[in-house]
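Quick notes on the structure that follows.
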Amino acid sequence: MPPEKIVASVPPKTRMVAHIIPGDLSTYIYKTEEDYYKGYQDSYFGLTGKKGGWDCMRHYEILANGCIPLFCVIWDLPPKTMANFPREMITETNKLYVEMAEKEGALVDRSLSEEVKARLNTHIENLLTYTRTHLTTTRAAQNILDSIGAPNTKRILFLSGNLDADYLRCLTLSGFKNLIGAECHDYPKVTHLYDDYTGDFTRHWGGGMTYQKIIKKENRNDEYDSTIEDDIAQHKYDIVVYGSYHRGLPLIDVVTRYYKDKEIVLLCGEDCDVDKDREYHSCPLHKMGLSPELNVFIREQK
């Protein structure tokens, strides 16, 4: 989550479970991000679960708004997917919900004792602390740099082959921008991420909620576009990151000519089972003409 979108404290609660039921379009009633977030802020629990893949933006939106993700079968979560997710904490709170449901029946807010409410609020406080510490865009970006042995990177070239909305690409880019500002240069420009964007978000995935206009326009130097290939040849950037290596590899021939394998990062944000005949998360790099020694970060892996 973008750190600025995480609530500062546990919001007052008026519902046990948030209105939205994943998959039931009749419950998708919110037209603005503010109203969408408020639905979770008002609730102790928010229903969520596996969609195309296990890793789902909704999990993090629930957490960031001081609400507890309520899964049906979180114990089926593969060990290599959502590795940083607080699965033990969520499992504990989900068991608490089942216990309350068995005891309280309808689970309306007025049926809860002050002791139970305090217990739930403590769980939410702990989850908010965990979210701020481990689940922000900034933390994800820094984890990438730490993992490749470049924690103090000063300049990053962030390349995209497809500019459509992509949660992993968009949010990781914003994390790098949080770390080093305009010295992380996105090419081509991912326009819908900038606060001066004037396009229609109703045409974007998820209505643009959570990722729309999250980067300040001053955090990009448009002049860098005109010298992009020369800058690669001159090794202006410390590392090169591809926001989704399945959705295009612009300038890959130039990049691999001037950058070592350890200086190139590929992100894979595809669902595990988008295509049963081809598991995107395990697509061999050599079949794409790429070195198997490149740094690859995978969102979904079984």
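The values are calculated or read from the model by the stated rules, or taken from the named source; none is laboratory data. In this text the structure is predicted, and so the values were computed from the model without any measurement. Positions of Cβ are generated from backbone atoms using ideal geometry, with glycine treated the same way; all protein chains shown enter the neighbour counts.
Can you find a residue in the range 231-245 that is in a helix (DSSP H, G or I) and either among the acidic types (D, E) or modelled with pLDDT under 95 (or both)?
Of the residues in the range 231-245, the ones in a helix (DSSP H, G or I) are 231-233.
Adding the requirement that they be either among the acidic types (D, E) or modelled with pLDDT under 95 (or both) leaves 231.
Yes.
I need the helices (runs of 4 or more DSSP H) fully contained in the range 1-119, keeping only those with at least 2 residues that are hydrophobic (A, V, I, L, M, F, W, C) and under 29 Å from K216 (Cβ atoms).
On the way: elements: 33-41, 57-64, 87-104.
Because the criterion is at least 2 residues that are hydrophobic (A, V, I, L, M, F, W, C) and under 29 Å from K216 (Cβ atoms), the helices (runs of 4 or more DSSP H) in the range 1-119 that meet it are 57-64.
Enumerate the pairs (first residue in the range 168-194 and assigned by TED's automatic domain parsing to the domain that holds K217 and closer than 20 Å to T227 by Cα; second residue anywhere and among the aliphatic types (A, V, I, L, M) and assigned to a helix (DSSP H, G or I)) with beta-carbon separation below 7 Å, excluding pairs fewer than 6 apart on the same chain, so at least 6 apart or on different chains.
D186/L173; Y187/I228; V190/L173
Determine, yes or no, whether S147 is free of Cβ contacts under 8 Å to residues at least 12 places away in the same chain and either on the phi > 0 side of the Ramachandran plot or among the hydroxyl-bearing types (S, T, Y) (or both). Spell out how you get there, then give the answer.
On the way: free of Cβ contacts under 8 Å to residues at least 12 places away in the same chain: no; either on the phi > 0 side of the Ramachandran plot or among the hydroxyl-bearing types (S, T, Y) (or both): yes.
Considered against the rule, which asks whether it is free of Cβ contacts under 8 Å to residues at least 12 places away in the same chain and either on the phi > 0 side of the Ramachandran plot or among the hydroxyl-bearing types (S, T, Y) (or both), S147 comes out as no.
Kindly provide the set of residues from the range 164-197 that are at pLDDT 95 or above and farther than 21 Å from T136 by Cβ, ordered by number.
Once the filter is applied, which keeps residues that are at pLDDT 95 or above and farther than 21 Å from T136 by Cβ, the range 164-197 yields H185, Y187, P188, K189, T191, D196, Y197.
What number of residues in the range 32-86 are of a type in the set (S, T, N, Q) and within 18 Å of the chain's Cα centre (by Cα)? First the steps, then the outcome.
Kept after step one, since they are of a type in the set (S, T, N, Q), are these residues of the range 32-86: 32, 41, 43, 48, 65, 81, 84.
From what's left, within 18 Å of the chain's Cα centre (by Cα): 48, 65, 81, 84.
Qualifying residue count, the range 32-86: 4.
Select from the range 78-102 the residues that are touching a residue at least 12 places away in the same chain (Cβ under 8 Å) and within 19 Å of F45 (Cα to Cα) and list them in ascending order.
Filtering the range 78-102 down to residues touching a residue at least 12 places away in the same chain (Cβ under 8 Å) leaves 78, 80-82, 84-87, 89-94, 96-97, 100.
Hits for the range 78-102 are F85, P86, R87, M89, I90, T91, E92, T93, N94, L96, Y97, M100.
Taking the condition under 20 Å from K177 (Cα atoms), out of contact with any strand residue (DSSP E or B) (no Cβ under 6 Å at 6 or more places or on another chain) and in the same structural domain as I180 (by TED's automatic domain parsing), does K213 pass?
Working: under 20 Å from K177 (Cα atoms): yes; out of contact with any strand residue (DSSP E or B) (no Cβ under 6 Å at 6 or more places or on another chain): yes; in the same structural domain as I180 (by TED's automatic domain parsing): yes.
Yes.
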